[in-house]
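See below for the structure under consideration.
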Amino acid sequence: MKLPLALLALFTTTTATAAPKSETAVLAGGCFWGMESVFEHVKGVTNVVSGFAGGSARDATYDSVSTETTGHAEAVKITYDPSKVSYAQLLQVFFTVAHDPTQVNRQGPDTGPSYRSAIFPQNAGQAAAAKAFIARLQASHAYKAPIATRIEHGGFYPAESYHQDFARLHPFYPYIVINDRPKVIALQRKFPAFYKG
């Protein structure tokens, strides 16, 4: 028996599903290789780009930022699904395992303003959340030293292609082994519910 065309259409039409939501966060916490490596292992994060944020110049390159004259910070731009991971949870990872928020213009072996701890809010909600998070950390005395993280504004500029996915592509590079792999291990240990392999 042949079905009428109108009835047949009911069985063959697929319902359109809403595209997953996507938001971005920009965080600076020392060398972007390690920051990128940590956040690539967070559930709900769909993309991480190494680059530079802030600064007065309209563009940024690794060589120019390394002169410490442009005002940029090495940073990562994180694209995430807020239904799977919240901005507050990203901040929790940022302050707990991705870097040391008490260091002023340095992280590990890297020194200079381009390695500062900074948050670049992408909207008013993120700015309020970041301020509140830092205030709670200060009040709780979670760290022996004051929180050095600054809340800043400015554009984001992707770094050169050879910097992208550096830790994943060069897992045995000495800098990665010594400075960045321990951060990913700490993420897995401290936040197993957030971790993705």
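The values are calculated or read from the model by the stated rules, or taken from the named source; none is laboratory data. This is a predicted model, so every value here is computed, not measured. FYI the Cβ positions are ideal-geometry reconstructions off the backbone, even for glycines, and counts take in every protein chain you see.
Considering segment 1-40, the residues that are at pLDDT 55 or above and in a helix (DSSP H, G or I) include one that is nearest to Gly155 (Cα to Cα), namely Phe32.
Listed by first and then second residue, the pairs with beta-carbon distance under 9 Å, at least 6 apart or on different chains, first residue in segment 41-65 and modelled with pLDDT of 95 or more, second in a loop (DSSP other than H, G, I, E, B) and among the aromatic types (Phe, Trp, Tyr), are His41/Phe194; Val42/Phe191; Val42/Phe194; Lys43/Phe194; Gly44/Phe194. Listed by first and then second residue, the pairs with beta-carbon distance under 8 Å, at least 6 apart or on different chains, first residue in segment 73-94 and within 15 Å of Ile151 (Cα to Cα) and buried (at least 24 other Cβ atoms within 10 Å of the Cβ), second charged (D, E, K, R) and at pLDDT 95 or above, are Ala73/Arg116; Ala73/Glu152; Val76/Glu36. Looking only at residues that are among the aromatic types (Phe, Trp, Tyr) and buried (at least 17 other Cβ atoms within 10 Å of the Cβ) in segment 151-164, which one is nearest to the chain's Cα centre (by Cα)? Selected residue: Phe156. Taken together, Ala88, Ala98, Ala75 contain a single residue that is of a type outside the set (Phe, Trp, Tyr), farther than 15 Å from Val38 by Cα and either at pLDDT 95 or above or touching a strand residue (DSSP E or B) at 6+ places or on another chain (Cβ under 9 Å) (or both), which is Ala88.
Taken together, Ala148, Ala130, Ala167 contain a single residue that is aliphatic (A, V, I, L, M), crowded, with 19+ Cβ neighbours inside 10 Å and touching a Lys or Arg at 6+ places or on another chain (Cβ under 9 Å), which is Ala167. Number of residues in segment 103-136 that are assigned to a loop (DSSP other than H, G, I, E, B) and more than 23 Å from Thr70 (Cα to Cα): the value is 1.
Against the condition in contact (Cβ under 8 Å) with a residue 12 or more places away in the chain, in contact with a helix residue (DSSP H, G or I) (Cβ under 7 Å, 6 or more places away or on another chain) and of a type outside the set (Ser, Thr, Tyr), how does Phe156 come out, does it pass? No, not satisfied.
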